[in-house]
Every structure is written in C-alpha cells, then in structure tokens.
1. Rounded to the nearest 0.05, what FRET efficiency do residue 102 and residue 49 have when you use their Cβ-Cβ distance and R0 = 35 Å?
2. Cα centroid distance between the stretch 74-90 and the stretch 9-28, in Å?
3. List the relative contact order of the stretch 2-137 as a percent without decimals, with contacts defined as Cα pairs under 8 Å and 6+ residues apart.
4. Rounded to a whole number of µm²/s, how large is the Stokes-Einstein D of the stretch 1-81 at 25 °C and 0.890 mPa s, given Rh as the Kirkwood radius over C-alpha pairs?
5. Quickly rank 33-44, 118-129 as a protection proxy: mean count of other C-beta atoms within 10 Å, highest first.
6. For the stretch 2-137, treating each Cα as an identical point scatterer without solvent, what Debye log10 I(q)/I(0) comes out at q = 0.17, 0.19 1/Å?
C-alpha cells in the first residue's frame, strides 16, 4: 500500500494529486493507495480518500505502507523519519498557490543536499516508486543533521545578504 499525505494546509495540493493520477493511469502504481487529501479538489480515482486522518491512524498508515509520498512539512518529515517507512517529499510551492511562501521548497533543497528523496516532477515519483523496494529510510545522523543546519544557515545568510 502507498500512503499519500498533503497535510492540513488551507491550500489545495492538486499538483500532487494529478501526479498520483498520472502514475496510476500509466500502471506505475498498481497497489492500493490511501490519500489524505486535505483541501485538494482533484483526487485520483480508485483510491481510499480521507480529508483528514487522526494522528494515531496516520501513524498506523505510515507503518503499514510500503512507501509514503508526503508534502514537505516538518511535522510529517519527523514522523516519517521516526517510523522508518521509505518516503519521498513533494514541496508545496507558492508559484502554484499551494502555500503562502516557499519554505517547503527551501527545506526540500536543504534536505536533498543530505540525501533525502525529493520529488520535483512526476518523473521523480516514478523513479522512487519503482526503486523504493530496495531503499531504506535515511535516518538523520548527527552528521546529516549538522549538514542540514549548515545548509539552512548558508541559505538564510544568502537570503538576508541579498
């Protein structure tokens, strides 16, 4: 089973829903898909869909999933790391009116620098879904946590210097 979560933002994440639909339509996802869709309006067909999922059930779904496709929210990231199910993050973007700013894009850039899987396109999801069986969660080590902090620090210095 694949679990897809978009969080509970007031903004829809229809782009991710469309990507999931594309993968399913082309037979690249052939297993059961459970979607927590939040305020998204375009849902893939033939999925089990929930607007919201209580935290205890959310944790169960993550544990039961073969893999998780998630928005790039900090809370989801930490839970995914703690549970250890293979996952890929898809950052929401202000450009597509999916959030008020690009903090998820900025976080995704920093996370990708330490090896966390990020989907910037449907092709990235295809590669992840087809290779996920041989992949383990990249648990944060002290070194990778420090690398992330260093990258975020550099990014903020560049931002405020501009």
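1. On the way: r = 27 Å, r/R0 = 0.78.
That gives a FRET efficiency of 0.80.
2. Value for the Cα centre distance between the two parts: 19 Å.
3. Details: 219 pairs, mean separation 32.4, N = 136.
Averaging sequence separation for qualifying contacts and normalising by length gives 24 percent for the stretch 2-137.
4. On the way: Rh = 12.7 Å.
Translational diffusion coefficient: 194 µm²/s.
5. Details: 33-44: 18.7, 118-129: 16.8.
In descending order of packing, they fall as 33-44, 118-129.
6. -0.87, -1.13
All of the numbers you see were taken from the coordinates with simple rules; none came from a lab. Note that this is a predicted model, so its numbers are computed, not measured. For neighbour counting, all protein chains shown are included, and Cβ atoms are generated from backbone atoms with ideal geometry for every residue, glycine included.
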